[in-house]
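Have a look at the structure below, then the notes.
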Amino acid sequence: MSEANAPENAEHTVEVDDGRAWTPVCRYQDLLPGRGVAVLVGPQDEQVAVFRERGGAVHALANRDPFSGAHVISRGLLGSRGSVPVVISPMLKQAFDLRTGRCLDEDHAPDGSTAHLRVWPVRMVAATPAEVCR
């Protein structure tokens, strides 16, 4: 989601697409700029890290760090490498592109797998009155 699409003064719900359905995960206003949260999505309760950039853009990535195996990406630091928005893993400090999930530091994890995080489609929808009052 781009900064231009970030809601200004309205209540919105952040939803993540698990490939089968859009799952409401939190209110946009509950996401702190520059921080992430971990949510469970889909029938397998997969851990997803949802981030709100300081400019308002929202991203959703796999929460599992491919280098350590720990589910900690949501605790990472947001920043940038040049014009690329990134999250820095709190474990071994690799940088991952928030838009693509690609690791900017290494191509492969220690187990030989590709070093990238799954990117989950994310959108915002106007919250219903019941959601606003939670």
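The values are calculated or read from the model by the stated rules, or taken from the named source; none is laboratory data. The structure displayed is predicted, hence computed values, not measured ones. Neighbour counts are summed over all protein chains in view; Cβ atoms, including those assigned to glycine, are modelled from backbone coordinates with ideal geometry. Heads up: the accessible areas ignore ligands, DNA and RNA and are worked out on the full protein's heavy atoms, side chains in. Shrake-Rupley method; radii C 1.70, N 1.55, O 1.52, S 1.80 Å.
Is there any pair linking a residue in the stretch 110-127 that is free of Cβ contacts under 8 Å to residues at least 60 places away in the same chain to one that is of a type outside the set (S, T, N, Q) and surrounded by fewer than 11 Cβ atoms within 10 Å (Cβ to Cβ), with Cβ under 8 Å and at least six apart or on different chains, and which?
Hits for this filter: Thr114/Asp107; Ala115/Asp107.
Quick one: count up the residues across the stretch 11-40 that are among the charged types (D, E, K, R), open to solvent by less than 60 Å² (accessible area, probe 1.4 Å) and touching a Phe, Trp or Tyr at 6+ places or on another chain (Cβ under 9 Å).
Of the residues in that region, 3 qualify.
Enumerate the strands (runs of 3 or more DSSP E) found wholly within the stretch 76-131, keeping only those where 2 or more residues are farther than 22 Å from Asp30 by Cβ and open to solvent by 40 Å² or more (accessible area, probe 1.4 Å).
77-81
Is it the case, given these coordinates, that Pro43 is assigned to a loop (DSSP other than H, G, I, E, B), open to solvent by less than 20 Å² (accessible area, probe 1.4 Å) and in contact (Cβ under 8 Å) with a residue 24 or more places away in the chain?
Considered against the rule, which asks whether it is assigned to a loop (DSSP other than H, G, I, E, B), open to solvent by less than 20 Å² (accessible area, probe 1.4 Å) and in contact (Cβ under 8 Å) with a residue 24 or more places away in the chain, Pro43 comes out as no.
Quickly run through the stretch 36-79 and pick out the residues that are more than 26 Å from Pro110 (Cβ to Cβ) and of a type outside the set (A, V, I, L, M).
Gly42, Pro43, Arg52, Glu53, Arg54, Gly55, Gly56 - these are the residues of the stretch 36-79 that are more than 26 Å from Pro110 (Cβ to Cβ) and of a type outside the set (A, V, I, L, M).
Given the residues Phe67, Phe51, which is the only one that is outside any strand (DSSP E or B), modelled with pLDDT of 95 or more and not hydroxyl-bearing (Ser, Thr, Tyr)?
Phe67
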